[in-house]
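**Student:** Before anything else, here's the structure in question.
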Amino acid sequence: METIYFQGTPCHTYGNVPAVGEKAPCFNLVNKDLKEISCIDFRGKRVVLNVFPSLDTPVCAASVRRFNLEASGLDDTVVICVSMDLPFAASRFCTAEGIANLEVASAFRSPLFAQKYGLQIVDGPLAGLLARAVIIIDAEGRVEFVDLVSEITNEPDYKAALDFMRNS
């Protein structure tokens, strides 16, 4: 169980975020076109999981915009922005914002994603949604970077994630 905060109030997650060096759990998600995507689809590439509660909040939307601009241009790297939002909402957001350089995916059909990655919030006002985190998985499927944001209303540390990707 991880402890995070929502506006200073402690909340907890189911399980723990995978540690750096561990094999990343395989995932199955649904993209904005209602197509299932899985870890197998991205073999041989670095995968950046930008995980957050909902595109309907300013901080979550900002993280998608930022990764669309910066991380998506890295070689052999795919950025997947994951929330519990329905694929229809993600599609509308991407169309309205001109988001085209990354994947948006929903975990609404994938409770195991939230549990295996230790990101399912189990109590507090956001129970049932995903915690905010950036997890980078190398081309061999190992976790190489983790940023579990302790205060969910804060943005992730983009600089640390982007510097890590550019320098490794």
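**Student:** Name the residue, out of Pro156, Pro87, Pro58, whose mean-square fluctuation peaks in a Gaussian network model built on the chain with Cα pairs under 10 Å.
**Tutor:** Pro58
**Student:** Ordered by residue, what ³J(HN,Hα) values in Hz, to whole numbers, does the stretch 159-168 give under the Karplus form 6.51 cos²θ - 1.76 cosθ + 1.60, where θ = phi - 60° and Gly and Pro are x?
**Tutor:** 4, 4, 5, 5, 4, 4, 5, 6, 9, 10
**Student:** To continue, here is another question. Strictly greater than 24 Å: what percent of every Cα pair in the stretch 1-99 meets that?
**Tutor:** Values: 1383 of 4851 pairs.
Roughly 29 percent, once rounded to a whole number.
**Student:** Between Glu151 and Glu97, what length in nm is gained on full extension when 0.36 nm per residue of separation is reduced by their alpha carbon distance? It would help to have the intermediate numbers written out before the result.
**Tutor:** Values: separation 54, 0.36 × 54 = 19.44 nm, distance 2.56 nm.
Stretched out fully, the Glu151 to Glu97 stretch lengthens by 16.9 nm.
**Student:** So, one more: Label Asn167 and Arg142 with points 7 Å out from Cα along Cα→Cβ: what is the distance between them in nm?
**Tutor:** So the label points at Asn167 and Arg142 sit 1.9 nm apart.
**Student:** Go ahead and run the numbers for FRET between Lys45 and Asp123, Cβ-Cβ distance against an R0 of 30 Å, rounding to 0.05. The partial results should precede the final answer.
**Tutor:** Working: r = 35 Å, r/R0 = 1.17.
Here the calculated transfer efficiency is 0.30.
**Student:** For the stretch 81-168, how big is the tail of P(r) above 15 Å, as a whole percent of Cα pairs?
**Tutor:** 67 percent
**Student:** Sticking with this structure for a sec: How many percent of all Cα-Cα pairs in the chain sit more than 19 Å apart? List each step's numbers first, then the result.
**Tutor:** Numbers: 7057 of 14028 pairs.
Result for the distance tail: 50 percent.
**Student:** Over the chain, what relative contact order in percent results from Cα pairs under 8 Å that are six or more residues apart? Please report the intermediate quantities before stating the final value.
**Tutor:** Working: 367 pairs, mean separation 55.9, N = 168.
Over the chain, the number comes to 33 percent.
**Student:** Run the lone-cysteine check on the chain: no other Cys C-beta under 4.7 Å from the residue's C-beta.
**Tutor:** That list is Cys11, Cys60, Cys81, Cys94.
**Student:** Counting helices only, and only those DSSP H runs with n ≥ 4, report the 222 nm mean residue ellipticity of the chain as the sum of -39,500 (n - 2.57) divided by its residues, in deg cm²/dmol to the nearest 500.
**Tutor:** Working: 4 runs with 39 residues, N = 168.
Calculated mean residue ellipticity at 222 nm is -7000 deg cm²/dmol.
**Student:** With each pseudo-label sitting 7 Å past Cα toward Cβ, what's the Ala62-Phe108 distance in nm, one decimal?
**Tutor:** Each label point is offset 7 Å from its Cα along the Cβ direction, giving 2.6 nm.
**Student:** Further, regarding this structure: With Cβ to Cβ distances under 11 Å as the rule, what net charge do the other residues near Thr9 carry (K, R +1; D, E -1)? Working shown, then result.
**Tutor:** Details: positive: none; negative: Asp123, Glu151.
Cβ neighbours under 11 Å give a net charge of -2.
**Student:** Suppose the chain between Ser38 and Tyr5 were pulled fully straight at 0.36 nm per residue; how much longer would it get relative to their current alpha carbon spacing? Mind showing how you got there, number by number?
**Tutor:** Values: separation 33, 0.36 × 33 = 11.88 nm, distance 2.94 nm.
Taking 0.36 nm per residue and subtracting the Cα distance, the gain is 8.9 nm.
**Student:** If you add up the charges near Glu140, with Lys and Arg at +1 and Asp and Glu at -1, over every other residue whose beta carbon is less than 14 angstrom from its beta carbon, what do you get? Before the final figure, lay out the partial values.
**Tutor:** Numbers: positive: Lys23, Arg43, Lys45, Arg46, Arg142; negative: Glu22, Asp76, Asp138, Glu144.
Within the 14 Å Cβ shell, the charges total +1.
A short reminder: the numbers here are calculations on the coordinates, not readings from a lab. Keep in mind that what you see is a predicted model, and the values were worked out from it rather than measured. When we count neighbours, we look across all protein chains shown, and the Cβ atoms used for this are built from the backbone with ideal geometry, even at glycine.
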